[in-house]
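Trainee: The structure that follows is given in the form of structure tokens.
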Amino acid sequence: MKGVVTMIKEFREFITKGNVLDLAIAVVMGAAFGKIVSSLVNNIITPLVGILLGGINLSSLKITVGKAVVQYGEFVQAVIDFLIISFAIFMFMKVANSLIRKKQANEEEVLEVVPASEQYLKEIRDLLQKNARQDEKS
């Protein structure tokens, strides 16, 4: 019984860790984003590609081999979905990384700027230390 209670406690700690919650949120957001991209592909991009290809609906492309029907249009549709989702994530990460770099650069600039009063205090400290060393030598 004690082992079960310990395992439940460990499981609760694992579930409440930030990384697990972040992952769960990312999965939900990814699913919602996937629906948006699928709608974009199905309702906007695929019809435009179909127009460019002479009115062909990609998702309805298929080959019949004997009694089997190979619906390769659905596969083409899935590949297009994947490429668009990958490109959207790439662009999002590119923007996010540039914002992170700008923020880090600004933080470094802020750290490098020392107020004059602090600079004066450091100089006074250094002079006092120098005088104390000279007094010890004398």
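Any read-out appearing in this document is the output of simple, stated calculations on the displayed coordinates, not a laboratory observation. In this text the structure is predicted, and so the values were computed from the model without any measurement. Reconstructed Cβ throughout: ideal geometry from the backbone, glycine too, with neighbour counts over all protein chains shown.
Trainee: Please work out the Cα center distance from the stretch 63-89 to the stretch 123-138, rounded to the nearest Å.
Mentor: The two parts, judged by their Cα centres, are 78 Å apart.
Trainee: R0 = 30 Å: FRET efficiency of Phe82 with Met7, Cβ-based, nearest 0.05?
Mentor: Calculated transfer efficiency: 0.15.
Trainee: While we're on this one: How tilted is helix 18-40 with respect to the longest principal axis of the chain? Cα atoms for both, answer in degrees (0 to 90, nearest 10).
Mentor: 40 degrees
Trainee: Something else about it: Using 1/(1 + (r/R0)^6) with R0 = 22 angstrom and r between the beta carbons of Met29 and Met93, what's the FRET efficiency to the nearest 0.05?
Mentor: Computed FRET efficiency for Met29 and Met93 comes out at 0.95.
Trainee: Sticking with this one: Under the definition of Cα pairs under 8 Å and six or more residues apart, what whole-number percent is the relative contact order of the chain?
Mentor: 12 percent
Trainee: Right, another one. Any chance you could give the angle, 0 to 90 degrees and rounded to 10, that helix 116-137 forms with the longest Cα principal axis of the chain?
Mentor: For helix 116-137, the angle is close to 40 degrees.
Trainee: Which of the lysines could a cross-linker span from Lys17 if the Cα-Cα distance has to be under 25 Å and same-chain partners fewer than 8 positions apart are dropped?
Mentor: Lys2, Lys9
Trainee: Still on this structure, please answer the following. Taking every eigenvalue of the Cα gyration tensor of the stretch 1-40, multiplying by 5 and rooting it, what semi-axes result, largest first, whole Å?
Mentor: 35, 9, 4
Trainee: Here's a follow-up. Run the numbers on the stretch 11-91 and let me know its relative contact order in percent, using alpha-carbon pairs under 8 Å that are six or more apart.
Mentor: In percent, rounded to a whole number, it is 21.
Trainee: Here's another thing I want to ask about it. Could you state the angle between the C-alpha long axis of helix 2-16 and the longest principal axis of the C-alpha atoms of the chain, as a value from 0 to 90 degrees rounded to the nearest 10?
Mentor: Its long axis makes an angle of about 90 degrees.
Trainee: Here are labelled values, (1) 9, 16, 16, 15, 14, 12, 8, 5, 3, 1, 0; (2) 13, 47, 34, 5, 0; (3) 10, 36, 41, 13, 0, and one is the computed P(r) over Cα pairs in 10 Å bins from 0, in percent for what I pasted. Which one?
Mentor: (1)
Trainee: Please state the charge dipole magnitude for the chain, taken about the Cα centre, from unit charges on C-beta atoms (+1 on K and R, -1 on D and E), reported in debye and rounded to the nearest 20.
Mentor: Magnitude of the dipole: close to 540 debye.
Trainee: Here's a follow-up. May I ask for the Rg/Rh ratio of the stretch 69-138, computed from Cα atoms with Rh as the Kirkwood radius, given to two decimals?
Mentor: Taking Rg over the Kirkwood Rh, I get 1.66.
Trainee: Toward the positive end of the charge dipole of the chain, about the Cα centre and with charges on Cβ (Lys, Arg +1; Asp, Glu -1), which of Val69, Leu58, Ala116 goes farthest?
Mentor: So the residue we want is Val69.
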